[in-house]
Amino acid sequence: QVQLVDSGGGSVQAGGSLRLSCAVSGITVSRICVGWFRQAPGKEREEVARIGGDGGSTLYADSVKGRFTFSIDSAANTLYLQMESLKPEDTAMYYCAAGARAYCTAGFSYWGQGTQVTVSS
């Protein structure tokens, strides 16, 4: 059974930082495509970043490029999203996700429960 548990959200002022974590069980995160998504009320879900499996490339949405860093701790089978210089428009529920294949073109099959990030101006 694959399970993703994301955590680390909270409330910060603009310009602050947060680190989100996603503990994964039942699948080896370094072998498959993994990603972070976010969704604000009334808006569509947005992909924030992804990393392809087996040493694949890392891609970021333009809105977070240069501010967010997506990393993987293979030994702990855990994903991280380090968020710096946060802006009010970053406010959303954040979700980690994993695919079933190394290539991200296969899509995402498993999702965390979400962790709320709120950035005040």
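The values are calculated or read from the model by the stated rules, or taken from the named source; none is laboratory data. All of these numbers come straight from a predicted model, not from anything done at the bench. Cβ sites come from the backbone with ideal geometry, for glycine too, and all protein chains shown count toward neighbours. Accessible surface is based on the protein model in full, side chains and every heavy atom, while ligands, DNA and RNA are left aside. Shrake-Rupley method; radii C 1.70, N 1.55, O 1.52, S 1.80 Å.
Answer yes or no: is there a residue in segment 42-62 that is among the aliphatic types (A, V, I, L, M), within 21 Å of Gly10 (Cα to Cα) and free of Cβ contacts under 8 Å to residues at least 60 places away in the same chain. Quick ask: steps written out before the conclusion?
Going through segment 42-62, the residues among the aliphatic types (A, V, I, L, M) turn out to be 48-49, 51, 59, 61.
Keeping just the survivors that are within 21 Å of Gly10 (Cα to Cα) gives 48-49.
With free of Cβ contacts under 8 Å to residues at least 60 places away in the same chain added as a condition, the list becomes 48-49.
Within segment 42-62, one or more residues are among the aliphatic types (A, V, I, L, M), within 21 Å of Gly10 (Cα to Cα) and free of Cβ contacts under 8 Å to residues at least 60 places away in the same chain.
Against the conditions (1) closer than 19 Å to Val2 by Cα; (2) surrounded by fewer than 16 Cβ atoms within 10 Å (Cβ to Cβ), where does Tyr95 fall short? Just the number, please.
Every condition holds for Tyr95 apart from (2).
If I go through segment 61-71 residue by residue, how many of them are open to solvent by less than 60 Å² (accessible area, probe 1.4 Å) and either under 19 Å from Gln1 (Cβ atoms) or not basic (Lys, Arg) (or both)?
Our first condition is that a residue be open to solvent by less than 60 Å² (accessible area, probe 1.4 Å); within segment 61-71, this holds for 61, 63-64, 67-68, 70-71.
Checking the rest, the ones that are also either under 19 Å from Gln1 (Cβ atoms) or not basic (Lys, Arg) (or both) come to 61, 63-64, 68, 70-71.
Qualifying residue count, segment 61-71: 6.
Before we move on, is Thr28 farther than 23 Å from Ser120 by Cα and open to solvent by 30 Å² or more (accessible area, probe 1.4 Å)?
Values: farther than 23 Å from Ser120 by Cα: yes; open to solvent by 30 Å² or more (accessible area, probe 1.4 Å): yes.
Yes: the conditions hold for Thr28.
Look at Gly35 and say whether it is open to solvent by less than 10 Å² (accessible area, probe 1.4 Å), over 16 Å from Thr115 (Cβ atoms) and not β-branched (Val, Ile, Thr).
On the way: open to solvent by less than 10 Å² (accessible area, probe 1.4 Å): yes; over 16 Å from Thr115 (Cβ atoms): no; not β-branched (Val, Ile, Thr): yes.
Answer is no for this residue.
Could you count how many residues in segment 24-44 are among the charged types (D, E, K, R) and closer than 15 Å to Tyr110 by Cβ?
The first filter runs over segment 24-44 and keeps only residues among the charged types (D, E, K, R), leaving 31, 38, 43-44.
Retained after the next criterion (residues that are closer than 15 Å to Tyr110 by Cβ): 31.
Of the residues in segment 24-44, 1 are among the charged types (D, E, K, R) and closer than 15 Å to Tyr110 by Cβ.
With respect to the numbered conditions (1) modelled with pLDDT of 95 or more; (2) over 17 Å from Ala106 (Cβ atoms), which one is the sole condition not fulfilled by Leu4?
Result: Leu4 fails condition (2) only.
Within segment 78-121, how many residues turn out to be of a type outside the set (S, T, N, Q), farther than 21 Å from Thr58 by Cβ and in a strand (DSSP E or B)?
2
Quick check, is Ser74 among the small types (Gly, Ala, Ser), modelled with pLDDT of 95 or more and either over 16 Å from Ser7 (Cα atoms) or open to solvent by 70 Å² or more (accessible area, probe 1.4 Å) (or both)? Explain how you work it out, then say what you get.
Numbers: among the small types (Gly, Ala, Ser): yes; modelled with pLDDT of 95 or more: yes; either over 16 Å from Ser7 (Cα atoms) or open to solvent by 70 Å² or more (accessible area, probe 1.4 Å) (or both): yes.
Judged against the criteria, Ser74 is a match.
Just give me the residues in segment 30-47 being out of contact with any Asp or Glu (no Cβ under 9 Å at 6 or more places or on another chain) and under 18 Å from Thr78 (Cβ atoms), in sequence order. Walk me through how you get there before you give the answer.
Taking segment 30-47 and keeping what is out of contact with any Asp or Glu (no Cβ under 9 Å at 6 or more places or on another chain), we get 33-34, 41-47.
Within segment 30-47, Cys33, Val34 qualify.
Looking at segment 1-77, what strands (runs of 3 or more DSSP E) fall wholly within it and have at least 1 residues that are over 13 Å from the mean Cα position of the chain (by Cα) and of a type in the set (A, V, I, L, M)? Break it down into steps so the answer makes sense when it comes.
Values: elements: 3-7, 10-13, 18-25, 34-39, 46-51, 58-60, 68-73.
In segment 1-77, 10-13 are the strands (runs of 3 or more DSSP E) which contain 1 or more residues that are over 13 Å from the mean Cα position of the chain (by Cα) and of a type in the set (A, V, I, L, M).
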